[in-house]
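The values are calculated or read from the model by the stated rules, or taken from the named source; none is laboratory data. This one's a predicted model, so the numbers in the text were calculated from it and none came from an experiment. Heads up, the Cβs are rebuilt from the backbone with ideal geometry, glycines too, and the neighbour counts pull from every protein chain shown. Calculation scope for accessible area: heavy atoms of the full protein, side chains included, ligands and nucleic acids excluded. Shrake-Rupley method; radii C 1.70, N 1.55, O 1.52, S 1.80 Å.
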Amino acid sequence: MIQSLYALGQALKTNEDFAPYFASYANPFAGFDELDRAKVIVLEIKNDEVMGTDMETFSPAHAHRYLYRKPKGARGAPLVATGPFYPVHSLETEKQQETQRDNVEKIMSRIGRAIPDGKSVYFSSTAAKEVGLARINELLYNETGSKDHRYIYTLRVNDKYLGEYEELRDLLDQEAYTKYYEKSRGKAKTCALSHETDVEVWGRIDTLGFTVNDISFSRGGFDGASSFRMFPVSKDAALALEAARRYAFSNLTDRFYTLEYLIVPRMIEGSPSQLLTMARKMIKDKNDTTLAGKATPILKAGGLIDILASDETIQRSGVIFDILFYQRKQAQLALQLHLQDVAPARLVQLRNTIKQIGDRYGRAFGYRNKDKELVPFRIHFGMVKNFFSEGKGLKIRFDPAFFRILEGVFYGQPLDEATIVAALTRKIREAFKTDGDDYHLPFHTTVQQAIATRTLLGRLGLFNHTSYQIMDEPSSPITLRREAYLTEHAAFFDPQPALKGAFLLGCLTSMLAYAQYDHLRSKPFLKKLNNLNMGLDELRALSAPLLNKIQEYQGRKSGGYAPSHTETTQLLSEANSLLIEGKKPSRDDLSFAFSTGLVMQDKFGMDMARERREAKEQQEPASTE
């Protein structure tokens, strides 16, 4: 990634249009696409008197006005009085007032350290500064904001923005890069990026949020002051990295729930101008809303990865990508996954496979909207993440396993199928426990998503066998009949006959549950399923009570929803025979197969009822006037 950023920085250097990226100030809203909701709170100072506030909508063309630069560390002071502000949206409750006071207190600490005592650009004396800070504190406390907006504060002194004062610009230029060299630099060393000897190299490059003075770099007595020996970077290279970082985080990032990702293009062969053309193409596509609906979702519809997978121009350009998945934590980035040399062809393969699985299960797992129109089911990694995360919305916490899956997906590296199935089955059990088997959803939806997720990862070749690769006609919609379903998924069921037996028992249990619901408006037999933690012993022990309960409903006068005696004995006989054949599958695999039968039997029954209804409608004579 560092090398790719350096190449991008070198390319930016060749075009004067990108000169602002080499300036010592930064874009405070880099990576935030909705700039109409990016606001600047301007505190007006005239002749030592703080007059009030003004609100501006931020424009990247005006970034030079504010001289924003992220401070060192979470509590570091900015070089000038500009920084982020997180106002509450209301001051009605005591808790909101306390939150606002805490926010403003932190900001005032920073402003107080950014404005020197004595005579300065801001105030004529220390006394005037103290009076002014008290007024600023009052103004900021009363400044409420919208939840969907982002804010920074800045000062305008005597009708001039901070960026209009030469001494403040010089201060920023002088101090902006001190962190790179003040504790680690060497003379006449070879730069690790340009591979050329330079007068001086720096050792504290933190372009991606970490430096080589961290503990992980200190094994064997490594001295942080000598970090330049491990990763020496010349001044020119450091400036190129800084410019590329700003450009990339402003233009080449996207969000996936609480996770963000950065994509940096790299030409296999090509000139800096070609690399710039590619970057501009990516930005244009990202901002083209007409492409959002055309891209088959990989992560999310209209996301940068999805658009790249759909752009044939990029696919033919001889470019590869570095992708960095990260989360923001205060002043640094929590790096979750770094992928190098991802080819566009892999993105296309992902898109095509996702489309195949969507076509395969779209009709069967879809639903009817309020207009009775079919909304087909679609698999994507926004769905896959449901099994490898906790929480919802902006409170989602990703499991480490999710990043291992992403790595396998983009690199084509095999995954441990048992680990994947354990995660899928765990969520299935949670849904079953909290929602039972109610027809209005989560459990049924969870099982359907689990089936599609397992099939997707298998079709991508991420499991150490070819079962999913040899499925017949992977794009053809599945047939909603029991025997046809088993045939279409033979590659999964045939190697371990007990899985087919578990599936058939799941189907019979679903038939019984349907009959119970018709009589009782509840399904008490589901309490006998050990919360879907089904091993061979539990499945074999289930047969007798399942048969007895089905026969009980068959004997009732209104037992029309119970399966017939012939069907019951045939399925039970086959299931019991299969449960003693061949290998012994894991409890998770057996539970997965049983849950699949439990859910799919409902689909089979509903589709058969639909066919009967349509056949009846066709047989009815046309009405006459």
>> Take the residues in region 492-510 that are part of a helix (DSSP H, G or I) and open to solvent by 20 Å² or more (accessible area, probe 1.4 Å); name whichever of them is nearest to residue 578 (Cα to Cα).
In response: 497
> Among 129, 95, 119, which is open to solvent by 30 Å² or more (accessible area, probe 1.4 Å), farther than 28 Å from residue 34 by Cα, assigned to a helix (DSSP H, G or I) and among the charged types (D, E, K, R)?
Replying inline: 95
>> For region 546-574, which positions are open to solvent by less than 50 Å² (accessible area, probe 1.4 Å) and out of contact with any Leu (no Cβ under 8 Å at 6 or more places or on another chain)?
In response: 559
> Between residues in region 406-426 that are over 17 Å from residue 380 (Cα atoms) and residues that are aliphatic (A, V, I, L, M) and surrounded by 14 or more Cβ atoms within 10 Å (Cβ to Cβ), which pairs lie under 6 Å by C-beta distance while being six or more apart or on different chains?
Replying inline: 414/462; 415/462
> Applying the selection to region 515-569, what residues are in contact with a helix residue (DSSP H, G or I) (Cβ under 7 Å, 6 or more places away or on another chain), closer than 30 Å to residue 423 by Cα, outside any loop (DSSP other than H, G, I, E, B) and not charged (D, E, K, R)?
Replying inline: 524, 525, 526, 530, 531, 532, 536, 539, 542, 543, 545, 546
> Which pairs do you get when a residue that is closer than 9 Å to residue 11 by Cβ, found in region 266-281, comes within reach of a residue that is open to solvent by 60 Å² or more (accessible area, probe 1.4 Å) and outside any helix (DSSP H, G or I), reach meaning Cβ atoms under 6 angstrom, with the pair 6+ apart or on two chains?
Replying inline: 272/14
> Among the candidates 523, 527, which residue alone is in contact (Cβ under 8 Å) with a residue 60 or more places away in the chain, open to solvent by 10 Å² or more (accessible area, probe 1.4 Å) and not small (Gly, Ala, Ser)?
Replying inline: 523
> So residue 80 fits all but one of (1) open to solvent by 60 Å² or more (accessible area, probe 1.4 Å); (2) in contact with a Leu (Cβ under 6 Å, 6 or more places away or on another chain); (3) not charged (D, E, K, R); what number is the exception?
Replying inline: (1)
> What single numbered condition from (1) in a helix (DSSP H, G or I); (2) farther than 30 Å from residue 610 by Cα; (3) in contact with a strand residue (DSSP E or B) (Cβ under 8 Å, 6 or more places away or on another chain); (4) not acidic (Asp, Glu) fails to hold for residue 340?
Replying inline: (1)
> In this structure, is residue 586 within 14 Å of residue 496 (Cβ to Cβ) and either at pLDDT 95 or above or over 41 Å from the mean Cα position of the chain (by Cα) (or both)?
Replying inline: no
> Say we look at region 1-33 and pick out the residues that are acidic (Asp, Glu) and assigned to a helix (DSSP H, G or I); which of these is least open to solvent (accessible area, probe 1.4 Å)?
Replying inline: 17
> Filter region 327-366 for residues that are among the aliphatic types (A, V, I, L, M) and out of contact with any Phe, Trp or Tyr (no Cβ under 9 Å at 6 or more places or on another chain); which is most open to solvent (accessible area, probe 1.4 Å)?
Replying inline: 345
> part of a helix (DSSP H, G or I), modelled with pLDDT of 90 or more and either open to solvent by less than 20 Å² (accessible area, probe 1.4 Å) or under 23 Å from residue 361 (Cα atoms) (or both): does that describe residue 577?
Replying inline: no
>> Would you confirm, using the coordinates I've provided, whether residue 228 is more than 30 Å from residue 55 (Cα to Cα), open to solvent by less than 50 Å² (accessible area, probe 1.4 Å), modelled with pLDDT of 85 or more and not small (Gly, Ala, Ser)?
In response: no
> surrounded by fewer than 20 Cβ atoms within 10 Å (Cβ to Cβ), among the hydrophobic types (A, V, I, L, M, F, W, C) and closer than 20 Å to residue 303 by Cβ, is that true of residue 403?
Replying inline: yes
